[in-house]
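For reference, the structure is listed below as structure tokens.
The values are calculated or read from the model by the stated rules, or taken from the named source; none is laboratory data. In this text, all values refer to a predicted model and were calculated from it rather than measured experimentally. Cβ coordinates were reconstructed from backbone atoms using ideal geometry, including for glycine residues, and neighbour counts include every protein chain displayed. Quick note on the areas: whole protein, heavy atoms, side chains included, nothing else; ligands and nucleic acids left out. Shrake-Rupley method; radii C 1.70, N 1.55, O 1.52, S 1.80 Å.
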Amino acid sequence: MFREIRESDREIYKYYADIFYHTDAVNAPVPKENYDRTFDELMRSDTYLKCYIFECDDTPCGFALLSKTFSQEAGGVSVTIEEIYIDDKYRGRGLATEFFTYLKSIPDIMRLRLEVEDYNIGAKRLYERMGFELLPYLQMVIDRQRQNNS
């Protein structure tokens, strides 16, 4: 099961964001102050971001952070699954499948996007099973935070 994040979830969110950023699913950790900035934006508005807390038996066990844009190419709202993390002991229970099925059912969302490390075979299999396809091009980025830390 999953639910939208609430004001009372700040510490749960920060806990799971920190775990996520210390896994091999990401290239490098982010500054911890980014967790608070993100949470504050989540509480301010859902214009850019949306977050869900995963639960099993009313116990938090992970989260998903989404960002939203409008894509002319897609013909509407494009949602990027920025982060998704479920505790190891709760994986394999269909939580991610239920979540992706929910996202795919929202008529306003014209495109779902995510990133996955090439070696994360289990995640890639799940994403492919849910209908995700590889993009045939590279993405490029200017990341001010990384440039400032160099």
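Points to keep in mind about this one:
- Estimated FRET transfer efficiency (residue 97, residue 7; beta-carbon r; R0 35 Å; 0.05): 0.80
- Shape class of segment 1-71 from the alpha-carbon gyration tensor: rounded, with the ratio a/c of largest to smallest axis under 1.5.
- Approximate spin-label separation residue 46-residue 143, in nm, with each point projected 7 Å along Cα-to-Cβ: 2.9
- Taking θ as phi - 60° and the Karplus parameters 6.51, -1.76 and 1.60, the scalar couplings of segment 98-108 work out to 4, 5, 5, 4, 4, 4, 5, 7, 7, x, 6 Hz in sequence order, x denoting glycine and proline.
- About its Cα centre, the dipole of the chain is roughly 260 debye, where the only charges are +1 on Lys and Arg Cβ and -1 on Asp and Glu Cβ.
- From its DSSP helices (H runs of at least four residues, each -39,500 (n - 2.57)), the chain gives a residue-normalised ellipticity at 222 nm of -9500 deg cm²/dmol.
- Accessible area per residue, Å², segment 1-142 with all protein chains present, probe 1.4 Å: 64
- If only the Cβ of Lys and Arg carry +1 and only the Cβ of Asp and Glu carry -1, the dipole of segment 1-63 around its Cα centre is close to 180 debye.
- Proximal lysines to residue 32, defined as alpha-carbon separation beneath 29 angstrom and excluding residues fewer than eight positions away on the same chain: 14, 50, 68, 89, 124
- FRET efficiency estimate (nearest 0.05) - Cβ-Cβ, residue 56 to residue 18, R0 30 angstrom: 0.90
- Sulfur and carbon atoms: percent of accessible area, the chain [1.4 Å]: 49
- Rg(Cα)/(2.2 N^0.38 Å) for the chain, N = residue count: 1.05
- For segment 1-139, with +1 on Lys and Arg beta carbons and -1 on Asp and Glu, the positive-most of 35, 23, 109 along the dipole: 109
- For the chain, leaving out every one of the chymotrypsin sites (Phe, Trp or Tyr not before Pro) that falls in a DSSP loop and has at most 11 other Cβ atoms within 10 Å, the longest unbroken run is 1-118.
- Taking every DSSP beta bridge that has both ends in segment 56-115, the antiparallel portion is near 70%.
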